[in-house]
Amino acid sequence: MRWRPLARARHVSLRIDPVAGEVVVVLPPSAGRREGLALLRRHAAWVARELEGLAPRRPFRPGALVPLGDVPHRLLHRPERPDGRAELRRGRILVGGAAEALPRRVLELLRAEAARRIAPHAGRHAAALAVAPRAIRLKDTRSRWGSCAPDGTLAFSWRLAMAPDWVLDSVVAHEVAHLAEPNHSPRFWATLDRLAPRHAGARDWLRRHGPGLLRVG
């Protein structure tokens, strides 16, 4: 369990952190831990169900299956490769060097793959709308797959590299559309419909499978 004081919160609330695999008790300034514990007791059954329903952790270790574009890739350690690079082969991720560096090498590869896959989608959608992002950043967010800042900077979760390409494309299209329509007005949704007709299906896919992606690594 983790306590999270939040100045803008109006009520005590509970949420599940899918990465850490724990319940988070959000406390507004007017409430203390006693109120948080009371809420936790009232919803103990819900908390237990949510924690039990979390996808299993999938750490980066030899033999693990890591999805890339929704295709499982077997993670193989090759200590005889002195350069320590992580390299993609068909259905495999080969990682050289020391075993303790393997998780970092895999993360670097996945971030690079996310950047490589996101860039062409962003460029195509931006050209269609005659807009241009100020920059594209990669993050490891827990609640948002993408965002568009007021200055035109787009940010995406590197974990989108593990999702199907059409899902990644829909997320990118959503944020690029905000460069033209910085709201969720009917004009925004009409724009998104033109860019990514399957965006509703992509949201559903992420709702069902996204929590599992958060447990990878």
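The values are calculated or read from the model by the stated rules, or taken from the named source; none is laboratory data. All figures in this text were calculated on a predicted structure; none of them were measured in a lab. We place every Cβ from the backbone using ideal geometry, glycine too, and count neighbours over all the protein chains shown. Only protein heavy atoms, including side chains, enter the accessible area calculation; ligands, DNA and RNA are left aside. Shrake-Rupley method; radii C 1.70, N 1.55, O 1.52, S 1.80 Å.
Worth pointing out:
- For region 150-196, the candidate set comprises residues that are aromatic (Phe, Trp, Tyr) and under 23 Å from Arg111 (Cβ atoms); within that set, the residue that is surrounded by the fewest Cβ atoms within 10 Å (Cβ to Cβ) is Trp166.
- Selection within region 1-18 - of a type outside the set (D, E, K, R), surrounded by fewer than 16 Cβ atoms within 10 Å (Cβ to Cβ) and either over 27 Å from Arg215 (Cβ atoms) or in contact (Cβ under 8 Å) with a residue 40 or more places away in the chain (or both): Ala7, His11
- Some residue of region 116-126 being closer than 23 Å to Leu88 by Cα, in contact with a His (Cβ under 9 Å, 6 or more places away or on another chain), at pLDDT 95 or above and assigned to a helix (DSSP H, G or I): no
- Within region 147-158, residues that are over 17 Å from Asp169 (Cβ atoms) and at pLDDT 95 or above reach partners that are outside any strand (DSSP E or B) and among the basic types (Lys, Arg) with beta carbons closer than 9 Å, at six or more positions or on different chains, in the pairs Ala149/Arg134; Asp151/Arg134; Gly152/Arg134; Thr153/Arg134.
- Filter result for Leu94 (at pLDDT 90 or above, open to solvent by less than 60 Å² (accessible area, probe 1.4 Å) and not in a loop (DSSP other than H, G, I, E, B)): yes
- Among residues of region 103-112, those that are crowded, with 18+ Cβ neighbours inside 10 Å and within 20 Å of His209 (Cα to Cα), counted: 1
Condition check ((1) more than 24 Å from the chain's Cα centre (by Cα); (2) small (Gly, Ala, Ser)) across all residues:
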{"position": "Pro28", "(1), (2)": "yes, no"}
{"position": "Glu52", "(1), (2)": "no, no"}
{"position": "Ala86", "(1), (2)": "no, yes"}
{"position": "Val95", "(1), (2)": "no, no"}
{"position": "Leu107", "(1), (2)": "no, no"}
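- Looking only at region 58-91, residues that are more than 22 Å from Gly210 (Cα to Cα), charged (D, E, K, R) and either in contact with a Leu (Cβ under 7 Å, 6 or more places away or on another chain) or not in a strand (DSSP E or B) (or both) come to 7 in all.
- The residues listed here are Glu100, Glu80; of these, the one that is in contact (Cβ under 8 Å) with a residue 12 or more places away in the chain and open to solvent by 60 Å² or more (accessible area, probe 1.4 Å) is Glu80.
- Residue in region 129-149 that is part of a helix (DSSP H, G or I), surrounded by 14 or more Cβ atoms within 10 Å (Cβ to Cβ) and either among the β-branched types (Val, Ile, Thr) or in contact with a helix residue (DSSP H, G or I) (Cβ under 8 Å, 6 or more places away or on another chain) (or both) present: yes
- Complete set of residues in region 143-196 that are among the β-branched types (Val, Ile, Thr) and under 20 Å from Ala114 (Cβ atoms): Thr153, Val167, Val171, Val172, Val176
- Restricting Ala55, Ala48 to those that are open to solvent by 40 Å² or more (accessible area, probe 1.4 Å) and either at pLDDT below 90 or in a helix (DSSP H, G or I) (or both) reduces the list to Ala48.
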